[in-house]
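The values are calculated or read from the model by the stated rules, or taken from the named source; none is laboratory data. Just so it is clear, the model here is predicted, and its values are computed rather than measured. Glycine gets a Cβ as well: all are built from the backbone with ideal geometry, and neighbour counts include every protein chain shown. The protein model used for the area step is the full one, side chains on, heavy atoms only, and it has no ligands, DNA or RNA in it. Shrake-Rupley method; radii C 1.70, N 1.55, O 1.52, S 1.80 Å.
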Amino acid sequence: MQKNSKRNNNLRVSDIELNSVDAEKAINESQNNFVELLPLEVTFKIFSQLDIQSLCRASVTCRSWNYTIRNSDSLWKPHCLTVRAVCQREIDDDLESGYSWRVILLRNYQKSKVKHEWLSGRYSNIRSPISLPEKIMCPMDADTWGEILEAELER
């Protein structure tokens with residue numbers, strides 16, 4: 001029986017040690033998380049320096065970063081305005097519909113990349129649908145196809 005009680009004591013001691021290590025780790029992580037430590041304006045300034053890809057990567061770093069980035073429309077607006085250079089009509093329609101800048105960017109980012117490639121003539125010499133890279137294609141409305149067709153006719 002004494003061996004059993006010693007084992008139980010050892011387990012308890014190790015459990016306490018593990019819990020204190022976990023608590024220490026949580027404290028260290030909180031101290032290293034500038035989002036929770038810095039004023040919100042400074043945090044926004046830091047995140048506003050990121051490109052779209054880096055901003056998306058930062059949003060999956062931890063919950064507090066995700067919450068801050070996801071709910072900060074001002075971080076998404078400049079990127080959305082860049083996409084607007086290619087998809088002006090689509091962005092303006094989404095703004096009128098009341099979408100947030102983040103949602104507008106999500107709805108139009110891939111389309112803007114594909115539309116830009118079409119408008120710049122990347123697909124001008126394609127002879128069949130087999131030659132189109134299906135993975136990057138996205139559905140476009142009739143107005144967008146009209147813009148692309150006009151660009152093709154001008155070439």
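Tabulated data
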| read-out | value |
| --- | --- |
| Residue list for region 74-115, restricted to those being open to solvent by 60 Å² or more (accessible area, probe 1.4 Å) and within 20 Å of V35 (Cβ to Cβ) | S74, K77, P78 |
| Residue that is farthest from L105 (Cα to Cα), among those in region 49-67 that are part of a helix (DSSP H, G or I) and open to solvent by 60 Å² or more (accessible area, probe 1.4 Å) | R63 |
| Verdict on R70 being surrounded by fewer than 14 Cβ atoms within 10 Å (Cβ to Cβ) and at pLDDT 90 or above | yes |
| Number of positions in region 140-155 that are at pLDDT 75 or above and not in a helix (DSSP H, G or I) | 2 |
| Residue in region 94-104 that is of a type outside the set (S, T, Y) and under 28 Å from S124 (Cβ atoms) present | no |
